[in-house]
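Structure record follows, encoded as structure tokens.
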Amino acid sequence: MFDTYQKQLGIAVLAIIGLTILSIFIGVSDVTPEKLFANSDDGRALQVLLISRIPRTLAILLAGGSMALVGMIMQILARNRFVEPSTAGTVESAGLGLLVVTVLAPEMPIFGKMLVASLFALMGTFLFLRILRSIPLRSVLVVPLVGIVLGGVIGAITTFFAYRLDLLQSLNAWLTGSFAGILSGRYELLWISLVLMIAAYIAADRFTVAGMGQDFTTNLGLNYNRVMTLGLIIVSMVTAVVVVTVGMIPFLGLIVPNVVRQMQGDNVRRTAPWVIVIGAGFVLVCDMIGRVIRFPYEIPIGVVVGVVGSILFLFMLLRKDAHVA
Amino acid sequence: MIEIKNVTKAYDKAVVVDGVTLQIPAGGITSIIGPNGAGKSTLLSMISRLLPMNGGQVLVDGLDVTTTAGDVLARRLSILRQDNHIGSRLTVRDLVTFGRYPYSKGRPTVEDLKHVRMALQYLNLESMSERFLDELSGGQRQRAFVAMVLCQDTDYVLMDEPLNNLDMKHAVAMMKILRRAADELHKTIVLVLHDVNFASCYSDYIVAMKDGKIACHGSPYDIINANVMCNVYEIDVAVQDIDGKRIAIYYT
């Protein structure tokens with residue numbers, strides 16, 4: 001009835017559901033299933049559950065799944081295994097956009113701020129691709145290096161103005177991912193990333209075709225530039241939504257797609273569900289580590305993912321059979 | 001029929017294709033030969049709308065390639081370029097299935113899957129259909145690309161150096177497959193070939209290019225002779241009739 005692919009994916013989804021339930025019951029405030037049902041503390045446990053725990057867990061799943069997915073889309077479109085929003089200037093550009101809108105239009109609703117950040121992210125990513133096109137040498141590792149340099153320059157501009165305008169603390173909050181501040185009412189923007197994930201899945205075959213290069217794409221009757229633009233819009237909007245609500249989660253979009261690629265290849269239709277599921281699961285586990293390792297204090301998710309991610313990334317780079325490249 | 005009218009391509013001052021006018025008849029194999037830098041690949045890229053032209057017009061069955069919608073043209077004409085460095089980790093079957101994209105838009109029907117099976121069979125790839133492209137040899141990969149293009153099932157099939165990466169055995173097998181596709185499936189096949197003897201043995205029509213222009217065109221019998229070869233390639237070429245085929249000898 002189900003083929004192996006569906007069975008394995010089903011098991012992975014069940015595992016994530018198990019982790020999700022576990023995640024809901026981890027925290028400083030004592031929330032246990034018994035308390036919820038006994039209603040012994042005047043519904044305080046239920047309140048914590050609805051206002052903090054469930055929103056936080058949903059935010060983790062949405063941000064983790066969507067950041068991993070856009071990492072993969074970027075890698076396919078840039079045709080480079082080491083590109084993701086934080087190695088292409090996308091995240092830093094979103095941060096700059098956020099700073100600009102905070103200074104120029106502080107009263108703008110959060111949705112509007114997110115759109116401005118998306119626009120900046122899009123421009124930054126286009127600039128990155130533009131620079132790549134004019135660099136003759138296309139060694140696999142030069143591409144992310146260029147992105148990191150570009151990100152550094154944009155980040156420096158942002159930091160300079162944030163420093164002058166006394167906004168360094170806000171900037172830091174945007175760029176260091178943390179789910180600690182997630183409460184009901186402060187994460188709902190992330191549902192946009194679910195819509196974008198669905199859109200990306202619908203367009204999956206276009207991305208796979210574009211990943212084969214401009215000539216193949218044209219031969220198959222698709223408009224290459226249009227597919228690229230669609231992909232980059234999805235990447236930029238997801239990045240902006242996540243930066244605005246959670247902050248930057250480094251390496252996520254790099255590691256998860258590369259692991260999935262080893263198992264499943266590059267057919268986006270097949271790999272997208274896996275990337276989303278593993279991305280969500282990876283962030284969920286990292287967030288739980290961050291919450292229990294110095295209990296009752298909390299380590300920001302960006303730090304945990306950064307540490308775990310950089311180890312995995314080094315491992316990936318140093319592996320002998322370099323299919324990753 | 002492919003009608004090429006006064007097509008020109010220039011980069012800055014360097015004219016690569018210089019006002020080429022040519023009609024490629026429907027049916028059979030047409031080979032474009034000529035020395036490096038003659039503009040063969042550039043011409044092929046312009047015919048297949050991969051490269052914009054600076055002037056002129058190309059009509060495929062009366063459709064202007066620069067103005068016809070991409071997906072309409074993709075069901076008429078397919079192109080395989082010379083260097084296919086696709087980094088994507090796709091299985092052979094996935095790649096060939098994408099050849100149906102102009103019809104299926106990513107949702108292959110039973111009919112589409114039938115074409116995929118046939119193309120895999122035609123190129124003898126069934127045993128490796130589930131392998132990833134990066135696990136194949138250069139020759140096997142080349143066959144997979146050709147299978148994808150055949151799966152696209154267009155009346156016109158354009159290929160730039162399809163014998164790239166192929167050894168003698170597989171080069172002959174590839175030319176036989178293309179000959180069969182022309183004869184049995186009634187395709188119009190346009191090839192850019194380096195090896196004039198393959199062009200001589202398998203083409204119905206040969207176009208010789210030099211310095212961005214058509215030097216001459218005609219049947220293999222007309223084109224493969226010492227005079228034309230010397231003129232086009234600027235080396236001494238002896239041509240002999242061997243088993244009814246014209247063979248150029250130019251190795252010494």
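Computed from the coordinates by the stated procedures, all read-outs in this text should not be read as laboratory data. Computed from a predicted structure; not experimentally measured. Cβ sites come from the backbone with ideal geometry, for glycine too, and all protein chains shown count toward neighbours.
Miscellaneous remarks
- Within the protein assembly as shown, all pairs of alpha-carbon atoms sorted by distance into 20 Å bins from zero give the percentages 19, 43, 27, 10, 1, 0.
- Helix-only CD estimate at 222 nm, as mean residue ellipticity for chain B, using -39500 (n - 2.57) per DSSP H run (n ≥ 4): -9500 deg cm²/dmol
- Dividing the summed -39500 (n - 2.57) terms of all DSSP H runs of n ≥ 4 by the residue count of chain A sets its mean residue ellipticity at 222 nm at -23500 deg cm²/dmol.
- Cα→Cβ-extended label distance, 7 Å offset, between residue A:140 and residue A:194, nm: 3.7
- Between 0 and 90°, nearest 10: helix A:110-134 axis offset from chain A longest Cα axis: 30
- Distance between the C-alpha centres of the range A:31-97 and the range B:1-66: 53 Å, rounded to the whole angstrom.
- A Cβ-based charge dipole, computed about the Cα centre of chain A with Lys and Arg at +1 and Asp and Glu at -1, lands at about 680 debye.
- The range A:4-318 shape via C-alpha gyration tensor axes, a/c threshold 1.5: oblate
- The protein assembly as shown, dipole about Cα centre (Lys/Arg Cβ +1, Asp/Glu Cβ -1), debye to the nearest 20: 580
- Distances between placed amide hydrogens fall under 5 Å for residue B:209 paired with B:33, B:34, B:215, all partners being 5 or more residues away or on another chain.
- Taking the Cα atoms of the range A:162-244, the ratio Rg/Rh between the radius of gyration and the Kirkwood radius comes to 1.16.
- Rounded to whole Hz, the Karplus (6.51, -1.76, 1.60) HN-Hα couplings of the range A:235-241, x for glycine and proline: 4, 5, 5, 4, 4, 5, 4
- Farthest toward positive dipole pole in the range A:4-318 [+1 Lys/Arg, -1 Asp/Glu at C-beta], among A:46, A:304, A:118: A:118
- Amide H contacts of residue B:158 (H built 1.01 Å from N, under 5 Å, at least 5 apart or other chain): B:78, B:79, B:80, B:190
- Using a Gaussian network model of chain A in which every pair of alpha carbons under 10 angstrom is joined by a spring, one finds that among A:293, A:182, A:301 the greatest mean-square fluctuation is at A:293.
- Separation of alpha-carbon centers, the range B:84-114 and the range B:163-225, rounded to whole Å: 27
- Cα gyration tensor, the range B:1-149 - rounded (a/c under 1.5), prolate or oblate: prolate
- For chain A, built as a Gaussian network whose Cα springs stay under 10 Å, the top-fluctuating residue of A:288, A:237, A:72: A:288
- Cα gyration tensor, the range A:168-315 - rounded (a/c under 1.5), prolate or oblate: prolate
- Kirkwood hydrodynamic radius of chain B, from inverse mean 1/r over distinct Cα pairs, in Å: 18.8
- Derived scalar couplings ³J(HN,Hα) [the range B:207-213; Karplus, 6.51 cos²θ - 1.76 cosθ + 1.60; whole Hz; x for Gly, Pro]: 10, 9, 10, 8, 6, x, 10
- Given B:187/B:213; B:9/B:40; B:40/B:176; B:40/B:210; B:114/B:176, the pairs whose alpha carbons are separated by over 18 Å: B:187/B:213; B:40/B:176; B:114/B:176
- Cβ-based exposure ranking for A:191, A:174, in which fewest neighbours within 10 Å come first: A:191, A:174
- Partner aspartates and glutamates whose Cα lies under 18 Å from the Cα of residue B:5, excluding those fewer than 8 positions away in the same chain, are identified as B:18, B:61, B:64, B:211.
- Note on the range A:80-230: Cα-Cα pairs beyond 22 Å make up 51% of the total pair count.
- C-alpha long axis of helix B:110-122 to longest principal axis of chain B, angle in °: 50
- Each residue of the range B:132-145 was assigned a 3J(HN,Hα) from its phi angle through the Karplus curve 6.51 cos²θ - 1.76 cosθ + 1.60 (θ = phi - 60°); the sequence is 7, 4, 6, 9, 9, 6, x, x, 5, 5, 4, 5, 4, 5 Hz, with glycine and proline shown as x.
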